[in-house]
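Enquirer: Starting off with a structure, shown below.
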Amino acid sequence: MNGILTAEQMRLLEKTAMESGRVTGKALMQRAGEGVIATALQAWPALAQGVHHALILCGPGNNGGDGYVIACGLLRRGWQVRLCASRPPLPGGDAAAAAHDWQVAGGESLPLADCSDVLAGLVAAASGQPVLVVDALLGIGQGRCTDDILAPWWQARDRVMQSAPGTSLLAVAVDLPTGYDCDTGQALGLRPFAADLVVTFHARKPVHDVLDKAGVTTVVVPIGL
C-alpha cells in the first residue's frame, strides 16, 4: 500500500499530520481501534454474529489507547469485554482520554497480574465459543526484553489450555505482537505474544516480513494519514 516504514518514520508521519491540523491524535486512535475490530470480524466471520467475549491487554502508551478504543467498540456491540492493563496511561494524552471513555462506558481496568482469573472467567462464560484476545501492550516503540510484561498473559493462557484444552483463543495484535522489535523483527524475549492476526496502520513495518515467514497474517488498515 504505502511501502514499508520504520517505527521512527511512522511516528514522524503521524506527528507531521497532527501538527498540520489535518487530523487529531484522538481521531487516529479511534480509526485504528475501529479498524482492528472490522479486520477481526472479517477474519473470523463467526464473531460478527451474536454476543461474544474478549480480553483486551493494554499498555500505558498509544498502543494501549487503541486497546481502550477496541474495548469500547466491542462493548457497544454487546460483547462481554474485560480489560487488563500493565500500567495506567500517562495523564493528559490521547491514551488517557480513551481510558476515560472506557471507564465512562462502564468498563473496568484490572491489573495485568489478574488476567489469569479474568481469562478463566471469560472462557467459562463463553461456553465453548471462541474468546478474542487483543494485544495492545506496547506497539512499535518496544525495544527491551518483554518476558516480564508478558509473564501474566502466558500464565493465564497456559492455565486455560491445561484446564480446558479445547478452548479456542483468537489472538490479534495491534501494530505488532508484544515481544518483537519493529525495525528488525528480532524477538525481544523467550516468549513473544503469539498472534494469529496482526493489524497495522497505513503501511507495513519491517517486522511484518518476519511474521509473514512465521505464518502470521498482517493486515494494513488506512487511518487517514
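Enquirer: Ranked by Cβ crowding within 10 angstrom, fewest neighbours first, how are VAL134, VAL220 ordered? Before the final figure, lay out each step's value.
Expert: Numbers: VAL134 28, VAL220 18.
Neighbour counts put them in this order, fewest first: VAL220, VAL134.
Enquirer: If you don't mind, there's one more thing I want to ask. Take the alpha carbon gyration tensor of the stretch 17-153, find the square roots of its eigenvalues, order them as a ≥ b ≥ c, and report rounded if a/c is under 1.5; if not, report prolate when a/b exceeds b/c, else oblate. Mind dumping the intermediate values first?
Expert: On the way: a/c = 1.75, a/b = 1.26, b/c = 1.39.
Cα axes put the stretch 17-153 in the oblate bin.
Enquirer: What residue among LEU83, LEU57, LEU170 has the largest mean-square fluctuation in a Gaussian network model of the chain, using Cα springs under 10 Å?
Expert: Of LEU83, LEU57, LEU170, the Gaussian network model singles out LEU170 as fluctuating most.
Enquirer: Same structure, new question: Going by average Cβ density within 10 Å per residue, which order do the peptides 183-190, 200-207 take, highest to lowest? Provide the component values of the computation, followed by the final result.
Expert: Values: 183-190: 15.4, 200-207: 22.6.
Most protected by this proxy first, the peptides run 200-207, 183-190.
Enquirer: For helix 62-76, what angle does its Cα long axis make with the longest principal axis of the chain, in degrees from 0 to 90 and rounded to 10?
Expert: 50
Enquirer: Follow-up question, since we're still on this one. By count of other Cβ within 10 Å, fewest leading, how are CYS145, CYS72 ordered? It would help to have the intermediate numbers written out before the result.
Expert: Working: CYS145 13, CYS72 26.
By the 10 Å Cβ count, ascending, the order reads CYS145, CYS72.
Enquirer: Rounded to the nearest 500 deg cm²/dmol, what is the calculated helix-only ellipticity per residue at 222 nm for the chain, with -39500 (n - 2.57) per DSSP H run of length n ≥ 4? Walk me through the numbers on the way to the answer.
Expert: Values: 7 runs with 95 residues, N = 225.
It lands at -13500 deg cm²/dmol.
Enquirer: If contacts are Cα pairs under 8 angstrom and at least 6 residues apart, what is the relative contact order of the chain in percent?
Expert: Values: 458 pairs, mean separation 50.3, N = 225.
Once normalised by length, the contact order is 22 percent.
Enquirer: For ARG22 paired with GLU108, estimate the spin-label separation in nm (one decimal), with each label point 7 Å from Cα along the Cα-to-Cβ line.
Expert: Output for this residue pair reads 4.3 nm.
Enquirer: Could you give the angle, 0 to 90 degrees to the nearest 10, between helix 25-43's Cα long axis and the longest principal axis of the Cα atoms of the chain?
Expert: Relative to the chain, helix 25-43 is tipped by roughly 50 degrees.
Enquirer: Follow-up question, since we're still on this one. Just want the ordering: ILE140, ILE149, ILE70, from fewest to most Cβ atoms lying within 10 Å of their own Cβ. Show your work: numbers first, answer last.
Expert: Details: ILE140 25, ILE149 21, ILE70 30.
Ranking ILE140, ILE149, ILE70 by Cβ neighbours within 10 Å, fewest first, gives ILE149, ILE140, ILE70.
Enquirer: For LYS213, give me every one of the aspartates and glutamates with a C-alpha distance below 14 angstrom, ignoring sequence neighbours fewer than eight places off in its own chain.
Expert: In chain and number order, the partners are ASP196.
Enquirer: What aspartates and glutamates sit close enough to LYS26 to cross-link, taking a C-alpha to C-alpha distance under 18 Å and skipping anything fewer than 8 places away on the same chain?
Expert: The qualifying aspartates and glutamates are GLU14, GLU34, ASP66, ASP94, ASP101, ASP175.
Enquirer: Further question on the same structure: Considering amide H positions built from the backbone, and no H for Pro or chain starts, which residues 5 or more places from LEU170, or on another chain, come under 5 Å of its amide H?
Expert: Distant-sequence amide H within range of LEU170: VAL131, LEU132, VAL133.
Enquirer: Let me ask something else. What cysteines in the chain have no other cysteine with a beta carbon less than 4.7 Å from their beta carbon?
Expert: CYS58, CYS72, CYS145, CYS182
Enquirer: Check which residues have an amide H placed less than 5 Å from PHE201's amide H, if you skip close sequence neighbours.
Expert: Placed amide hydrogens put VAL221 under 5 Å from PHE201.
Enquirer: Build a GNM of the chain with springs between Cα atoms under 10 Å: which of GLY61, GLY128, GLY35 gets the top mean-square fluctuation?
Expert: Sorting by GNM fluctuation, first place goes to GLY128.
Enquirer: Calculate how steeply helix 94-104 sits against the longest principal axis of the alpha-carbon atoms of the chain, using the helix alpha-carbon long axis, and give the answer as 0 to 90 degrees to the nearest 10.
Expert: Rounded to the nearest ten degrees, it is 30.
Enquirer: Would you pull out the residues with amide H under 5 Å of THR218's amide H, same chain only if 5 or more places away, H placed 1.01 Å from N?
Expert: Amide H to amide H, under 5 Å and 5 or more residues apart or across chains, THR218 pairs with VAL198.
Enquirer: Antiparallel versus total DSSP beta bridges in the chain: what percent is that, nearest 5? Walk me through the numbers on the way to the answer.
Expert: Values: 1 of 30 bridges.
Antiparallel bridges make up about 5 percent of those DSSP assigns within the chain.
Enquirer: Next question, about the same structure. Nearest 20 debye, what's the magnitude of the dipole of the chain about its Cα centre given +1 on Lys and Arg Cβ and -1 on Asp and Glu Cβ?
Expert: So the magnitude is around 280 debye.
Any read-out appearing in this document is the output of simple, stated calculations on the displayed coordinates, not a laboratory observation. Everything numeric here is computed off the predicted structure, so don't read it as measured data. Don't worry about glycine lacking a Cβ; one is built from the backbone with ideal geometry, like all the others, and counts go over all protein chains shown.
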